[in-house]
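The values are calculated or read from the model by the stated rules, or taken from the named source; none is laboratory data. Computed from a predicted structure; not experimentally measured. FYI the Cβ positions are ideal-geometry reconstructions off the backbone, even for glycines, and counts take in every protein chain you see. Please note that ligands, DNA and RNA were not included when accessible areas were found on the heavy atoms of the full protein model with its side chains. Shrake-Rupley method; radii C 1.70, N 1.55, O 1.52, S 1.80 Å.
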Amino acid sequence: MRSSGPALLAMLAMLLAGCLPAATPAPTLPPPTSTPTPLPPTTTPALLSPAPLVTTLTLWVPPELNPYDEGAEAALLAERLESFGQAHEDLQVGVIVKKAQGRGGLLDFLRTASVAAPSVLPDLVVLRTADLRVAAWSGLLQPLDSLLPEELAAERFPYAVALGQVDGQTVGIPFAVEVEHLAYRPSLIARPPVTWTDVLSSGTSFVFPAAGQENGVNDATLVQYLGAGGRLTDGEGKPQLEVEPLTAVLEFYTQAVAAGVISPTVVRSITHTDGCWSLFQNGQAGMAVVNSRRFWTERESMAAPAAIPTKDGRVVALARGWTLALVTADPQRQGQAMELLAWLFDPEWYGTWTQYTGYLPATRGGLAAWNMPEEERAVLEALLEGAQADPLSMVRAAIGPPLQEALDGVLSGRLSPAEAAADAAREVEP
């Protein structure tokens, strides 16, 4: 039995070996490649031109010229400003609307920001003509004489040149202008009444604002004084009233009252041209001194324009309104701001916009773009060629009350023309 043990173990080993699966041979790897397959070359992407940096030009405007306002006139201005950005890929315009006057107004903000926060100052600002002078005297504006495009500089009417100058330097370009002129009915008057003789012989009523405002005289009487050759300042620039031309104006009023052309009761009750316009529209006057903007936006088909009648027909008007001025002192931004200014004075657009809004243009090209009968264009051209800058505030303050007192004294019958003129001249004397 012992002899069978080793044999049995051998048999068991053989049986176990037959039950196990055969060993799987190791996979044969391919021989190494002698040359590695090269990777595709790395390409350097082409350099793209960077998008241009956009400069925002800031423009401050009064509510009257708000491009964000409702109405077609605001839309016209908004479209023009937007088209500037489309035509200049590196420029756009940001508009900020501020009050026209007083605390928090355009001039007040210019003064405050120039000291407290110069970085928020605009590149361009729209100011009233009276505020333009104050801003220039305060050192807030930049001179334009060397920056204005030659064509634009040459296109300005004489009044626009004077209105934009302070102490002999150009600091602004009038953009939206108003004057007072005459409205008359051709059905009552055969030809435009341009002289005092025309008025006296017309046989129809003539109204003007004779009541004055804040003790100051209105433009109509001041225009007739200037048209008679009167001067508002002497050789030293001091306010004055000259007796002879003022006497002539007051005598004209006396003659017009006697002829039934002027009603003292009516004209002494009118403080503003709006009152004259109402009387004209209601058929209570055949001739009326009116505001140009009201006339050209509300005119009737049976109304015609003319200059305010003067002694010998000399065309005179006093211009005032809104003026564009340059604030930035940075040379690069100045050049860009001048591009915007020229864009706004493009004759075709500027003419369309001024005619639509009723503002009068400051350039001959702007007037040429108005769509109107040639005879009316000739009237406006003569009016704008003969217009003058509104007198300085200090001059108006000095001559206004005495001139108004003289006018009222004559219309009320208290004073003769000679007495009233002499009194007014003495009161203004330093």
Residue identified as in a helix (DSSP H, G or I), open to solvent by less than 70 Å² (accessible area, probe 1.4 Å) and not polar (S, T, N, Q) among L141, L132: L132
Residue in the stretch 197-218 that is among the hydroxyl-bearing types (S, T, Y), within 34 Å of the chain's Cα centre (by Cα) and closer than 19 Å to P305 by Cα present: no
Qualifying residue in the stretch 384-395 (condition: under 30 Å from R111 (Cα atoms), out of contact with any strand residue (DSSP E or B) (no Cβ under 9 Å at 6 or more places or on another chain) and of a type in the set (S, T, N, Q)): yes
Pair list, Cβ under 9 Å, 6 or more apart: the stretch 247-270 residue part of a helix (DSSP H, G or I), other residue among the charged types (D, E, K, R): A248/K311; V249/K311; F252/K311
Residue check for V161: closer than 25 Å to Y356 by Cα, free of Cβ contacts under 8 Å to residues at least 12 places away in the same chain and under 29 Å from the mean Cα position of the chain (by Cα): yes
Subset tally (residues that are exposed (fewer than 15 other Cβ atoms within 10 Å of the Cβ) and not in a strand (DSSP E or B)) for the stretch 154-172: 4
Filtered residue count, the stretch 88-124, keeping only those that are open to solvent by less than 50 Å² (accessible area, probe 1.4 Å) and hydroxyl-bearing (S, T, Y): 1
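Among the residues of the stretch 276-309, write down those that are of a type in the set (K, R) and farther than 26 Å from T265 by Cβ.
R293, R299
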Meets criteria (assigned to a loop (DSSP other than H, G, I, E, B), modelled with pLDDT under 90, over 30 Å from G358 (Cβ atoms) and open to solvent by 100 Å² or more (accessible area, probe 1.4 Å)) for P52: no
Helices (runs of 4 or more DSSP H) fully within the stretch 336-430 counting 1 or more residues that are open to solvent by 10 Å² or more (accessible area, probe 1.4 Å), over 30 Å from Q213 (Cα atoms) and in contact with a Gly (Cβ under 6 Å, 6 or more places away or on another chain): 347-357
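This table checks each residue for (1) of a type outside the set (S, T, Y); (2) free of Cβ contacts under 8 Å to residues at least 24 places away in the same chain.
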| position | (1), (2) |
| --- | --- |
| Y350 | no, yes |
| W370 | yes, yes |
| P373 | yes, yes |
| A378 | yes, yes |
| V395 | yes, no |
| G409 | yes, yes |
| A420 | yes, no |
Test: T170 is touching an Asp or Glu at 6+ places or on another chain (Cβ under 6 Å) and modelled with pLDDT of 95 or more: yes
Test: residue in the stretch 178-186 that is under 30 Å from P309 (Cβ atoms), surrounded by fewer than 17 Cβ atoms within 10 Å (Cβ to Cβ) and more than 18 Å from the chain's Cα centre (by Cα): yes
Qualifying residue in the stretch 226-234 (condition: of a type outside the set (V, I, T), in a strand (DSSP E or B) and either touching a residue at least 24 places away in the same chain (Cβ under 8 Å) or surrounded by fewer than 17 Cβ atoms within 10 Å (Cβ to Cβ) (or both)): no
Lone qualifier among E64, E70, E82 - being exposed (fewer than 10 other Cβ atoms within 10 Å of the Cβ) and either of a type in the set (D, E, K, R) or at pLDDT 95 or above (or both): E70
Number of the condition not met by A329 [criteria: (1) touching a helix residue (DSSP H, G or I) at 6+ places or on another chain (Cβ under 9 Å); (2) in contact (Cβ under 8 Å) with a residue 12 or more places away in the chain]: (1)
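Residue-by-condition table, conditions (1) on the phi < 0 side of the Ramachandran plot; (2) in contact (Cβ under 8 Å) with a residue 24 or more places away in the chain; (3) assigned to a loop (DSSP other than H, G, I, E, B); (4) of a type in the set (D, E, K, R):
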position: L147; (1), (2), (3), (4): yes, yes, yes, no
position: E151; (1), (2), (3), (4): yes, no, no, yes
position: P174; (1), (2), (3), (4): yes, yes, no, no
position: V177; (1), (2), (3), (4): yes, yes, no, no
position: H181; (1), (2), (3), (4): yes, yes, no, no
position: P192; (1), (2), (3), (4): yes, yes, yes, no
position: S202; (1), (2), (3), (4): yes, yes, yes, no
Counted residues, the stretch 201-225 - those being closer than 18 Å to S263 by Cα, out of contact with any helix residue (DSSP H, G or I) (no Cβ under 7 Å at 6 or more places or on another chain) and surrounded by 22 or more Cβ atoms within 10 Å (Cβ to Cβ): 2
